[in-house]
1. I'd like to verify a number: residues in the range 30-53 that are open to solvent by 50 Å² or more (accessible area, probe 1.4 Å), touching a residue at least 12 places away in the same chain (Cβ under 8 Å) and of a type in the set (Val, Ile, Thr), how many?
2. Going by the conditions given, is Glu27 closer than 16 Å to Phe126 by Cβ and loosely packed, with under 12 Cβ neighbours inside 10 Å?
3. List the helices (runs of 4 or more DSSP H) inside the range 1-103, counting only whole elements, that have at least 1 residues being farther than 29 Å from Thr141 by Cβ and among the basic types (Lys, Arg).
4. Kindly indicate the residue of the range 96-132 that is among the hydrophobic types (A, V, I, L, M, F, W, C) and within 21 Å of Gln65 (Cβ to Cβ) and also surrounded by the fewest Cβ atoms within 10 Å (Cβ to Cβ) among those meeting that condition.
5. With the checklist (1) open to solvent by less than 40 Å² (accessible area, probe 1.4 Å); (2) farther than 18 Å from Ile43 by Cβ; (3) modelled with pLDDT of 85 or more in hand, flag the one item Thr141 doesn't pass.
6. Can you tell me which of (1) within 16 Å of the chain's Cα centre (by Cα); (2) farther than 15 Å from Tyr46 by Cα is the one Lys87 doesn't meet?
7. For the range 63-95: of the residues being within 14 Å of Ile123 (Cα to Cα) and of a type in the set (A, V, I, L, M, F, W, C), which is surrounded by the most Cβ atoms within 10 Å (Cβ to Cβ)?
8. Quick one: Phe56 ticks every box in (1) modelled with pLDDT under 95; (2) surrounded by 10 or more Cβ atoms within 10 Å (Cβ to Cβ) except a single one, so which number is it?
Amino acid sequence: YILNEIGKPTGIMGISREISDRKKAEEALKSLAAIYNSIPTGIFLYQYEKPGKLFFIDANPMALQHTKLRLDEIIGKEFNEVWPKAKESGLTDNLLKVAETSEPWIGDEFYYSDNRLQGAYQIVSFKLPGNKVAVAFDDITEKKKAHDTTRVITCQALFRRICL
């Protein structure tokens, strides 16, 4: 209300703001969250801290389902604590290089094995704003086995033709 000098209301004043850009941004964020939560690729997010440390900050449902990890058990833990064979396999160094250089890394056929998880993975890692690192992965173990089996059968058939 607008009041005059004796305190009687004489009008109403209002403020309006254009919020369509904010609404569009909110809708875009909802869409990104839906993609993150439903994509069939596992995604882990880490916070990079110098010198050379990666700490778990988030994971999408597919990453947790595939690795059988629980988010409440890994949040805040250091990368090598959760993945004990990562350092010796070269995975840790590749991810730290992403964090330090901002250059993405693609591991087309990366093999990992520890007491909880083993197989062949296609990994893509890239840096995000705020010293965050995303690691997206797909389990290609069965695809790799099928490819190797097909190759062996083809070689055996070729060998028979040559030798017979």
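1. So the answer is 1.
2. no
3. Qualifying helices (runs of 4 or more DSSP H): 20-38.
4. Residue satisfying both the conditions and the ranking: Leu117.
5. Of (1) open to solvent by less than 40 Å² (accessible area, probe 1.4 Å); (2) farther than 18 Å from Ile43 by Cβ; (3) modelled with pLDDT of 85 or more, only one is false for Thr141: (3).
6. (1)
7. Across the range 63-95, the extreme among qualifying residues is Leu95.
8. In the conditions (1) modelled with pLDDT under 95; (2) surrounded by 10 or more Cβ atoms within 10 Å (Cβ to Cβ), Phe56 misses (1) alone.
The values are calculated or read from the model by the stated rules, or taken from the named source; none is laboratory data. Since this is a predicted model, take the numbers as computed values, not measurements. All Cβ positions, glycine included, derive from the backbone under ideal geometry; neighbour counts span all protein chains shown. We work out accessible area using only protein heavy atoms, side chains counted, and drop any ligands, DNA or RNA first. Shrake-Rupley method; radii C 1.70, N 1.55, O 1.52, S 1.80 Å.
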